Amino acid sequence: MDAEVPRKIIVDCDPGHDDAVALLLASTHPGLDILAVTTVAGNSTIANVTRNALGLAELLDITAPVAAGATRPLVANSEDDGFHGETGLSGVTLPATSAASPALDPRHAVDLIIELVMSHAPGEITLVPTGPFTNIALAVRREPRIARRVREVVLMGGAADVGNMTATAEFNVWFDPEAAEIVFSAGWPVRMVGLDVTMQALATPAVIERARAIGTARGRLLTEMLDAASPGYLKDGFPGPALHDVVAVAAVVAPELVEFEQAPIRVELTGTHTRGMTVVDRRRWIPRAVPTQYARALDVDGFWNLLLDAAARP
Ligand code: RIB
Ligand code: CA
């Protein structure tokens, strides 16, 4: 990571507890410069995730524009499963809207993404989608030139192994498989941060106690987010919440923490039991000169140190 020049990123998200922690890391780490936060329907309705994004922008002092995007997937009729609660961010106290609160940018998320990419030099902007990829797919369809100007797409989604929404499909891809297929086949560099590594980023009680001991404002905020994200995972028998989206941000700012392997990645669109599956071709004998990579290992201790050190910053 080139420490002196912060990486310019656009976070396209559906906050969502882990999206919220991803924004905390992205807004705190000096190696990242958030150019925009765009929202997409996924964990909750576009109204909820956008209200949550605006509240998080205020909490985290994110001054970049917040713009709302797609209200539903391209083709699917997916609905969120309420995993993140009624509001999409249950258990996290957001500031009451006031005159000082950030206003929603009037541009559509897709237009803002295109405008920023086209107005910056090629290779300057990294897209970090942490919700369904509807906005990203619409953007590259509306302005195909962004595929040659974006530095890379580092997305949370998919899995080379098992899914979470179904036996084979991960939520962000499952919610809008057609959008995911467009994103994986657009020709730009894609690093897929899937469940194979994000399910290793479980905020166990020991991790949460480390966050609780930090004592800074962001430490308290991180602790609140982790406590709020816990019930659903504990009910399913996990020791704590998986910080899926945070691993994607970590892969941008600390690439040494995540091991990737180049492989063709396609999305199953018609399988009765496999729709939304990311098919990662790991056959050793096929050519691997493709722009797509999937994450296959995570330095878990290094990941927690990255996040907790960021939250400890004054
Ligand atoms: O499967 C995990 C993904 O789905 C994360 O982005 C989480 O926020 C949910 O959107
Ligand atoms: Ca998300």
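Just so it is clear, none of the values below were taken in a lab; they were calculated from the coordinates. Just so you know, these numbers come straight off a predicted model, no measurement behind them. Neighbour counts are summed over all protein chains in view; Cβ atoms, including those assigned to glycine, are modelled from backbone coordinates with ideal geometry.
Around D245, what is the net charge, scoring Lys/Arg as +1 and Asp/Glu as -1 over all other residues with Cβ under 11 Å from its Cβ?
Working: positive: none; negative: D12, D14, D18, D19.
Once all neighbours under 11 Å are counted, the net charge is -4.
So between R288 and R313, what do we pick up on full extension, going 0.36 nm a residue minus the alpha carbon distance? Kindly include the intermediate steps, with their values, before the conclusion.
Values: separation 25, 0.36 × 25 = 9.00 nm, distance 4.08 nm.
Stretched out fully, the R288 to R313 stretch lengthens by 4.9 nm.
With a ≥ b ≥ c the root eigenvalues of the C-alpha gyration tensor of the stretch 74-168, is it rounded (a/c under 1.5), prolate (a/b larger than b/c) or oblate?
Working: a/c = 2.06, a/b = 1.12, b/c = 1.83.
Oblate is the answer for the stretch 74-168, as a/c is 1.5 or above yet b/c matches or exceeds a/b.
Put a dot 7 Å past each Cα toward the Cβ at T204 and H273; how far apart are the dots in nm?
Those two pseudo-labels are separated by 3.3 nm.
Helix-derived [θ] at 222 nm for the chain: sum -39500 (n - 2.57) over DSSP H runs of at least 4, divide by residue count, nearest 500?
Numbers: 12 runs with 116 residues, N = 314.
Counting only the DSSP helices, I get -10500 deg cm²/dmol.
Classify the stretch 229-277 from the C-alpha gyration tensor, please: rounded if a/c falls under 1.5, else prolate or oblate depending on whether a/b exceeds b/c.
Working: a/c = 3.04, a/b = 1.08, b/c = 2.81.
It is oblate, given that a/c is not under 1.5 and a/b is not larger than b/c.
Normalised by the number of residues in the chain, what is the relative contact order in percent for Cα pairs under 8 Å and 6+ residues apart? Walk me through the intermediate numbers first.
Values: 730 pairs, mean separation 61.2, N = 314.
19 percent.
With the crude spin-label approximation of a point 7 Å out along Cα→Cβ, what separation in nm comes out for N305 versus R212?
So the label points at N305 and R212 sit 2.4 nm apart.
Quick one: if the Förster radius is 22 Å, what FRET efficiency do A103 and D33 give, using the C-beta to C-beta distance and rounding to 0.05?
Numbers: r = 21 Å, r/R0 = 0.95.
FRET efficiency, A103 to D33: 0.55.
State which helices in the chain qualify, where a helix is a whole DSSP H run, it must extend 24 Å or more along its own axis by its Cα atoms, and its mean Kyte-Doolittle hydropathy must be at least 1.6.
Numbers: long enough: 217-235 (29 Å, -0.14).
Once both thresholds are applied, nothing remains.
For the chain, what proportion of DSSP beta bridges, expressed in % and rounded to the nearest 5, is antiparallel?
On the way: 10 of 34 bridges.
Around 30 percent antiparallel, to the nearest 5.
Residues in the stretch 70-96, backbone N under 19 Å from the label point at T166 (7 Å along the Cα-to-beta-carbon vector): list them, ranges by number please.
73-83
Please work out, to two decimal places, the log10 of the ratio I(q)/I(0) at q = 0.08, 0.10, 0.13 Å⁻¹ from a Debye calculation in which every Cα of the chain carries one identical scatterer.
Each listed q maps to, in turn, -0.30, -0.48, -0.86.
From the square roots a ≥ b ≥ c of the eigenvalues of the alpha-carbon gyration tensor of the stretch 26-132, which class results: rounded (a/c under 1.5), prolate (a/b over b/c), or oblate? All intermediate terms of the calculation are to be shown ahead of the outcome.
Values: a/c = 1.75, a/b = 1.17, b/c = 1.49.
Oblate, because a/c is 1.5 or more while a/b does not exceed b/c.
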